[in-house]
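Read the structure below first, then the notes.
Read the figures in this text as sums done on the coordinates, not as results from a lab. In this text the structure is predicted, and so the values were computed from the model without any measurement. Here Cβ is always computed from backbone atoms with ideal geometry, including for glycine, and neighbour counts include all displayed protein chains.
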């Protein structure tokens, strides 16, 4: 059954560094799409559903840092994550990215 999303996700390719907050395991990958509530990260080694992670998403020299939870995991394909909180000032990066994607 397809995963339902709260809002439209926009195609959005950016580098992302993901850290499992419990084990401190790190992976580098890239986003496939993004919304105000989360994103899909394409990776052959996704974390399991419900894993709490820290994301650092970088695009065009700008970056944002968010705490998130893996909503679903697709082996050898990627994981959908939902944003839980953003480090101070990071919405100032995300909001313009989303605004540009809506144009």
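Tabulated values for the structure
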| item | result |
| --- | --- |
| Distance between modelled label sites at residue 54 and residue 28, nm, 7 Å Cα→Cβ extension | 1.7 nm |
| Mean separation of Cα contacts under 8 Å, 6 or more apart, over the residue count of the chain: relative contact order % | 24 percent |
| Cut-off 19 Å, label 7 Å out along Cα→Cβ of residue 8, residues of region 21-52 by amide N | 32-40 |
| Residues in region 10-38 that a label on residue 84 would reach, taking backbone N under 19 Å of a point 7 Å out along Cα→Cβ | 17-27, 35-38 |
| Gain in span if fully extended, residue 37 to residue 17, counting 0.36 nm per residue against the direct Cα distance | 5.4 nm |
